[in-house]
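Accompanying notes for the structure given below.
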Amino acid sequence: MKKNIFVWILLLSFFQLVQAQLSPAITAWLQNTSQDGSYYTKGNSTAITNNILANCQKVEYSTDFVYISTKGVPSYPTGPFMDRNPSNAEDQDAIFKFPLSPSENKGTPITTTGGNIGVFINGVALFDYRDGVSWNPATNALCGGPGNTPCPGGRGAIMDWNRDAIPAEMEGFDCSKGHPAMGNYHHHQNPSAFKLDKNVVSTICNLYDADGLYTIDSTKHSPLIGFAYDGFPIYGAYGYKAINGSGVITRMKSGYSLRNITKRTEYGDGTDVDDGPDISSTYFLGYFREDYSFNANAATDYLDEHNGRFCKTPEYPNGTYAYFCTVDENWNSAYPYAVGPTFYGVSERRTVNSVTETTQVYTSTNGTSKINVNDLGIAVHPNPSSDLIAVQVAGLNKETLQVELYDITGKLIQTSTINPGQTIGYFDVQTLYAGTYMVKISNNYTSNTQKVLIKR
């Protein structure tokens, strides 16, 4: 009996050692097999369960590749989409394939394309800057996309002037800065909710409250939030200023800037192209991707033309090429947003119908590691409150957090949950008496209690 126990302990220790040595491309994904996603409909501020499993459902890997099975919906609510987009986030039932040893592309850079160019760790798709709408010089009008005539060459054709989705489709993004394309819910930009930016550029969160994959924390290196199709990691907005992983934390800055032009007759490098529309209130500077030009900057906190750099990160202490989701000083999205307009590495479309090679299944350790909730940067607001209390954690939440509201006598009043891939839980306190209450946030190991005042 003792021998069997000893063998079991050895096997467990070996398993834990092997797991600890696995690539972040295997271990970073948020796995879920029980929680469904939810969505808002116009006119209804209560989220409705969509009966689609949120986050990722399975992670398996071979010597060379990792495979991610996902429905493509996040744990935070999606919708509604106020630009007449008829779609909701639908089950994608997709398997994404990423190389475990990505390599630099030393030939002609591969241009990012419309549709998926990567996947966030919650299984939600990443799109590049474009929205499928371009300028047709033959008709002097927009082409492609809903309500426009098709572009010459059909869907996916690259024209001289291609519309930037972020400014053009602002009204169509939900609170989490995402929207669907024929049911494929995706982000073009940093997946942190509008309401969490320093300068809030959309009021959609006021009507349909939600959060994003993570909250920006300018004091810490941003979390690893996804992978591009070339296999290289994608981080949030902040990183070490020094590429060796030392020193201060700083905002990673895009090397692209708007050109000083009034007419669209050529590219920033002087290439002569078919004319686009003149700069105007309708076709303002920044409306098209080609309104930007890249200017290399030697400072280490400026990114290259692919929107990344080679550096050390918490997950890659030996260094890796990494993309960063760029924002400006107000945390508003900054072109080219995540990856692009070209990949750093060797990339090809990486969706597969099935896994055809021998693999091992990775079981996530999220929720079993002893995370101290006091390290999560918990904030309770507003305080005092009269109608709604929000409990928010900073950074990326990888486990289920229980949130409880008690009165001053210790009686449990309400419960809530912050699931992996969510950052905020809520209490409706409109019917509660004025007075002092306690909010308790806990996991299986630690807890944090904060006092909150309800006023009438």
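For the range 45-78, which residues satisfy the criterion of being among the β-branched types (V, I, T) and either modelled with pLDDT under 95 or not in a loop (DSSP other than H, G, I, E, B) (or both)?
Within the range 45-78, T46, I48, T49, I52, V59, V66, I68, T70, T78 meet the criteria.
Select from the range 129-151 the residues that are free of Cβ contacts under 8 Å to residues at least 60 places away in the same chain, closer than 29 Å to F343 by Cα and either outside the structural domain of G118 (by TED's automatic domain parsing) or part of a strand (DSSP E or B) (or both) and list them in ascending order.
Within the range 129-151, D131, G132, V133, S134, N136, L142, C143 qualify.
Could you tell me which of the residues N295, N307 is surrounded by fewer than 16 Cβ atoms within 10 Å (Cβ to Cβ), of a type outside the set (G, A, S), in the same structural domain as K195 (by TED's automatic domain parsing) and over 30 Å from I418 (Cα atoms)?
It is N295.
Just one of D217, D230, D209 is at pLDDT 95 or above and either touching a helix residue (DSSP H, G or I) at 6+ places or on another chain (Cβ under 6 Å) or of a type in the set (D, E) (or both); which is it?
Criteria check complete, one pass: D230.
Just one of (1) touching a strand residue (DSSP E or B) at 6+ places or on another chain (Cβ under 6 Å); (2) exposed (fewer than 13 other Cβ atoms within 10 Å of the Cβ) trips up N260, so point out which.
Tallying (1) touching a strand residue (DSSP E or B) at 6+ places or on another chain (Cβ under 6 Å); (2) exposed (fewer than 13 other Cβ atoms within 10 Å of the Cβ), N260 fails exactly one: (1).
Answer yes or no as to whether I26 is in contact with a Phe, Trp or Tyr (Cβ under 7 Å, 6 or more places away or on another chain), over 24 Å from T356 (Cβ atoms), at pLDDT 90 or above and surrounded by 11 or more Cβ atoms within 10 Å (Cβ to Cβ).
no
When residues of the range 98-128 are filtered for being in a strand (DSSP E or B), crowded, with 21+ Cβ neighbours inside 10 Å and charged (D, E, K, R), how many remain?
0
Return the pair list, or none, for Cβ contacts closer than 7 Å from residues in the range 402-428 that are closer than 19 Å to N374 by Cα to residues that are among the charged types (D, E, K, R) and part of a loop (DSSP other than H, G, I, E, B), at least 6 apart or on different chains.
P420/K398; P420/E399; Q422/D211; T423/D211; I424/D211
Please indicate, with yes or no, whether at least one residue in the range 275-298 is in contact with a strand residue (DSSP E or B) (Cβ under 6 Å, 6 or more places away or on another chain) and within 24 Å of K220 (Cβ to Cβ).
no
Look through S192, S218, S246 and report the one residue that is within 23 Å of A322 (Cβ to Cβ), touching a Leu at 6+ places or on another chain (Cβ under 9 Å) and in a loop (DSSP other than H, G, I, E, B).
S192
Hey, S246 hits all of (1) crowded, with 18+ Cβ neighbours inside 10 Å; (2) closer than 21 Å to Y316 by Cβ but one; which does it fall short on?
(1)
What number of residues within the range 198-215 satisfy the criterion of being among the hydrophobic types (A, V, I, L, M, F, W, C), within 15 Å of Q392 (Cβ to Cβ) and crowded, with 23+ Cβ neighbours inside 10 Å?
Total satisfying the criteria: 2.
In the range 310-334, how many are closer than 25 Å to Y267 by Cα and either outside the structural domain of Y256 (by TED's automatic domain parsing) or surrounded by fewer than 22 Cβ atoms within 10 Å (Cβ to Cβ) (or both)?
Of the residues in the range 310-334, 1 are closer than 25 Å to Y267 by Cα and either outside the structural domain of Y256 (by TED's automatic domain parsing) or surrounded by fewer than 22 Cβ atoms within 10 Å (Cβ to Cβ) (or both).
Of everything in the range 183-212, what is hydrophobic (A, V, I, L, M, F, W, C) and closer than 18 Å to I166 by Cα? Give them in sequence order.
Listed by number, the residues that qualify are A193, F194, L196, V200, V201, I204, C205.
Scan the range 129-182 for residues that are on the phi > 0 side of the Ramachandran plot and either aliphatic (A, V, I, L, M) or buried (at least 23 other Cβ atoms within 10 Å of the Cβ) (or both) and jot them down.
Scanning the range 129-182 gives G144, K177, M182.
I need the full set of residues from the range 318-352 which are more than 14 Å from the chain's Cα centre (by Cα), among the hydroxyl-bearing types (S, T, Y) and outside any loop (DSSP other than H, G, I, E, B), in order please.
T320, Y321, T342, T351
Looking only at strands (runs of 3 or more DSSP E) that lie completely in the range 405-456, which have at least 2 residues being aliphatic (A, V, I, L, M) and surrounded by 13 or more Cβ atoms within 10 Å (Cβ to Cβ)?
Ranges flagged: 412-418, 435-442, 447-454.
The values are calculated or read from the model by the stated rules, or taken from the named source; none is laboratory data. This one's a predicted model, so the numbers in the text were calculated from it and none came from an experiment. Please note: Cβ atoms are built from the backbone with ideal geometry, for glycine as well, and neighbour counts cover all protein chains shown.
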